[in-house]
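Engineer: I'd like to ask you about the structure that follows.
The values are calculated or read from the model by the stated rules, or taken from the named source; none is laboratory data. All figures in this text were calculated on a predicted structure; none of them were measured in a lab. Virtual Cβ from ideal backbone geometry, glycine too; neighbours counted across all protein chains shown. Areas reflect the complete protein model, heavy atoms only, side chains present, ligands, DNA and RNA absent. Shrake-Rupley method; radii C 1.70, N 1.55, O 1.52, S 1.80 Å.
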Amino acid sequence: MEYYRKGNQIAVRIDAGEEMVEQVRILCEKENITSAFINGIGFCDSMKVRVFNKAENKFYFKTFVESMELTSIVGNIFVADNGVYPHIHVTGADEEMNIKGGHLIECQIGATAELLITLSDFDITRAECDDLRLGLMRFGK
């Protein structure tokens, strides 16, 4: 991973062979990031995602082990009970241009991922929701 910080923005390049979510966590620790927004693009060799089924109140997980163009990487960074949490969603296109995506758990970079992280003055935290297994964004304390 290589990055450059200017003001409240950080341009990040994650290299082939690196795991994206872990690299974002490492960057957050190095730069003391607790509140930010992420967007980007890239190329991966595999990704593990989850989606939530509200009717069943259940998460479904799927791992795609194939090369995909990451057409959209979006999310935020906030503080949760166990520290800083990169909350990232992703869409990827396979060689047939079928789109796959969801809440990103892991992503093995195949060529590169290029991210722009914009630091925020918001005090963003995560709190449990009473009727779902989802943690919902909360502002302030």
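Engineer: Those residues that are of a type in the set (A, V, I, L, M, F, W, C) and open to solvent by 50 Å² or more (accessible area, probe 1.4 Å), I need them from region 27-47; list them, please.
Structural biologist: Listed by number, the residues that qualify are F37, I41, F43.
Engineer: Another question, then. Of all residues in region 71-102, which are within 12 Å of the chain's Cα centre (by Cα), at pLDDT 95 or above and of a type outside the set (G, A, S)?
Structural biologist: Correct list: I73, V74, I88, H89, V90, T91.
Quick grid of which residues meet (1) loosely packed, with under 14 Cβ neighbours inside 10 Å; (2) in a strand (DSSP E or B); (3) in contact with a helix residue (DSSP H, G or I) (Cβ under 9 Å, 6 or more places away or on another chain):
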site	(1), (2), (3)
V49	no, yes, no
V79	no, yes, no
G92	no, yes, no
E96	yes, no, no
G102	no, yes, no
I105	no, yes, yes
L115	no, yes, yes
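Engineer: Among residues belonging to region 51-62 that are in contact (Cβ under 8 Å) with a residue 24 or more places away in the chain and open to solvent by 60 Å² or more (accessible area, probe 1.4 Å), point out the one that is nearest to H103 (Cα to Cα).
Structural biologist: V51
Engineer: Any idea how many residues of region 1-35 are aliphatic (A, V, I, L, M), part of a loop (DSSP other than H, G, I, E, B) and over 23 Å from D123 (Cβ atoms)?
Structural biologist: Result for region 1-35: 2.
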